[in-house]
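**Q** There's a structure below that I have some questions on.
The values are calculated or read from the model by the stated rules, or taken from the named source; none is laboratory data. If you're wondering where the values come from, they're calculated on a predicted model, not measured in any experiment. Virtual Cβ from ideal backbone geometry, glycine too; neighbours counted across all protein chains shown. Note: accessible area is taken over every heavy atom of the protein model, side chains too, but ligands, DNA and RNA are not part of it. Shrake-Rupley method; radii C 1.70, N 1.55, O 1.52, S 1.80 Å.
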Amino acid sequence: MRHWIAAALAVLLTTALATPASARWLRADTNNFIIYSEGSEKSLRSFAENLQRFDATLRHRFNVPGGAEPNRLTIYLVERADEAGRLASGKSGSSIAGFYLAGSDGAFAVSNRENDEGRGTPAAQQTLFHEYAHHFMKRYVPAAFPAWFIEGFAEYVSTVDFSREGKASIGKPVYRRAYGLLEMPKIPVEQLITQRPDAMRSSGMADAYYGRSWLLTHMLYSDPNRQGQLLAYMQAINRGEEAVEAARKTFGDLGQLDKDLNRYLNRSLAYVALHEPMKVEGTIAIAPLAAAEDALIPLRLERLSAQYSPERMATVRLALQKLAVSQPGDAGTWYELAAAEWGMDKDKRDLAAARAAVDKAIALQPEHVRANVLLGRLIAVGLDEKGDYSAGAWSAVRKPIMLANRTNPDDPIPLYAYFQTFGDQGFRATDMALQGLEKAFILEPENVSIRISQAFALANQARFNEAIGLAESVAFDPHDRGQGQSLLDQVEAMRANREKTFIRTEGTEGVTD
């Protein structure tokens, strides 16, 4: 039954692709983003300009320099919110209107093009601004932030709006959180600052968590009586102080903070209006996609969204197999098919099929960056079958990955893949591999796998303060999938072992038999 459903979905997807559509995908290239949309060029340009202004607003607030980003964030705009929800959850009826993922293929975000008539900033824009705030903080603000502030800040800036001149208004109300704030039980501050949104027992309480986090963030930014407290609290957290103790030292009595927060909810909330317009740096180039990529985009998005669902990945794989038959001369299609096969669970992968697809991609486009990375990974897996672990065999693994890096030195995925080959080989990474890892981290610090590897690399160099800072940033992240605390524990254990070894070594100095 499950196989029949997967086949039916694949036929549905490929049938839809084969039917001429009234709208085609457009691509917008800006300083910081690659945006795909099926909307009009006019609406896409307006969206891209606002997104660049939002980026400029965040840079203004955090004093981050502007300029062209070498590793841009890719954004997909689907027509409706329920389509974004289906991509995020794998089922219809989801309330998710957009999402952000930073996985093994790099970071991307999905939002929708619905133009709601509600109060305040359009909901689709709020969703994307919320998600981009997460991306911005991970990439450009090198500090560990607690879960409540990560979500509270994203909500706080999600309602940023711009005048016709491009002047930003920051801190307007988040009306969609009204129900959670007004109708659900109020989460005490002491609970809020120690828990994560996934600890909430119902969607209503999760809504209350987001609303309460936004309200606390808004108050700490806006209330003159609490000026400077938020910065002092974050500094204490990043020094390693325990969350509740740091809160008491910084905010004072937490019961009084609760009372102040409840009163703040009933006040008329102020917002910040910047006097200078936020400039759109660089040019915005918009062009339609070639027919092959136009047909491929929906399935690429399906594959990227299905990376944690084997059933969905199997459906995408089947649809890509059919698409490859209809456009056999497109390297991108063959790569996506290979990537979908590689994305299956290990016991369900057809490695021969993945290798055949990636070979076709490279034959059509020899310098295809991601296809060469995947080729290196496939060769590495094949070493077990051959039983050949010689230096020459590992050189063959690294050869296509190095070509990928030469083709695009600013793509972090080849850099990270090269570093990983040494761990796969059971060897200590070379200095060049460690430099590549560091550059990959600079280019894509939001990638949790790269961040974790960089934390261990720093710990192995006895740079424990930096390593623990990275580990804490993962541990505090509400989207870390449970990896952060384990990482932090391991890095702290490495430091403790190093200190014990140092003490023992010192104690034996001058001792002779």
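**Q** Here is a check on your reading of the model: is ARG370 touching an Asp or Glu at 6+ places or on another chain (Cβ under 9 Å), part of a loop (DSSP other than H, G, I, E, B), open to solvent by 50 Å² or more (accessible area, probe 1.4 Å) and among the basic types (Lys, Arg)? Let's see the steps before the verdict.
**A** Numbers: touching an Asp or Glu at 6+ places or on another chain (Cβ under 9 Å): yes; part of a loop (DSSP other than H, G, I, E, B): no; open to solvent by 50 Å² or more (accessible area, probe 1.4 Å): yes; among the basic types (Lys, Arg): yes.
Here the answer is no, as ARG370 does not meet what is asked.
**Q** Kindly list the number of the only condition in (1) assigned to a helix (DSSP H, G or I); (2) at pLDDT 95 or above that fails for ALA88.
**A** (2)
Conditions (1) touching a residue at least 40 places away in the same chain (Cβ under 8 Å); (2) assigned by the TED database to the domain that holds VAL358; (3) open to solvent by 50 Å² or more (accessible area, probe 1.4 Å); (4) under 30 Å from GLN52 (Cα atoms), marked per residue:
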residue: ALA243; (1), (2), (3), (4): yes, no, no, no
residue: ALA246; (1), (2), (3), (4): no, no, no, no
residue: LEU296; (1), (2), (3), (4): yes, yes, no, yes
residue: GLN307; (1), (2), (3), (4): yes, yes, yes, yes
residue: GLY329; (1), (2), (3), (4): no, yes, yes, no
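**Q** Follow-up. So in region 81-98, with the set limited to residues that are closer than 26 Å to SER40 by Cα and touching a residue at least 60 places away in the same chain (Cβ under 8 Å), which one is surrounded by the fewest Cβ atoms within 10 Å (Cβ to Cβ)?
**A** SER95
**Q** Quick one: what pairs do we get from region 209-223, first residue touching a residue at least 24 places away in the same chain (Cβ under 8 Å), second part of a helix (DSSP H, G or I) and among the small types (Gly, Ala, Ser), C-beta under 7 Å, 6+ apart or different chains?
**A** TYR210/GLY180; GLY211/GLY180; SER213/GLY152; TRP214/GLY152; LEU216/GLY152; THR217/GLY152
**Q** Still on this structure: Name the single residue, out of those in region 435-473 being free of Cβ contacts under 8 Å to residues at least 24 places away in the same chain and either among the β-branched types (Val, Ile, Thr) or touching a Phe, Trp or Tyr at 6+ places or on another chain (Cβ under 7 Å) (or both), that is nearest to ALA496 (Cα to Cα).
**A** That would be GLN454.
**Q** Would you check which residues across region 250-270 are surrounded by 12 or more Cβ atoms within 10 Å (Cβ to Cβ), without any contact (Cβ under 8 Å) to a residue 40 or more places away in the chain and not in a helix (DSSP H, G or I) and list them?
**A** GLY252
**Q** From the list GLU165, GLU155, which one is open to solvent by less than 10 Å² (accessible area, probe 1.4 Å) and farther than 25 Å from LEU26 by Cβ? Walk me through how you get there before you give the answer.
**A** Working: GLU165 fails: open to solvent by less than 10 Å² (accessible area, probe 1.4 Å).
Result of the check over GLU165, GLU155: GLU155.
**Q** Additional query: If a residue has to be in contact with a helix residue (DSSP H, G or I) (Cβ under 9 Å, 6 or more places away or on another chain) and either aliphatic (A, V, I, L, M) or in a loop (DSSP other than H, G, I, E, B) (or both) to count, how many in region 39-57 make the cut?
**A** Restricting attention to region 39-57, the residues satisfying the condition of being in contact with a helix residue (DSSP H, G or I) (Cβ under 9 Å, 6 or more places away or on another chain) are 39, 47, 50-51, 54-55, 57.
Add one more test, that the residue is either aliphatic (A, V, I, L, M) or in a loop (DSSP other than H, G, I, E, B) (or both), and what stays is 39, 51.
Here the count works out to 2.
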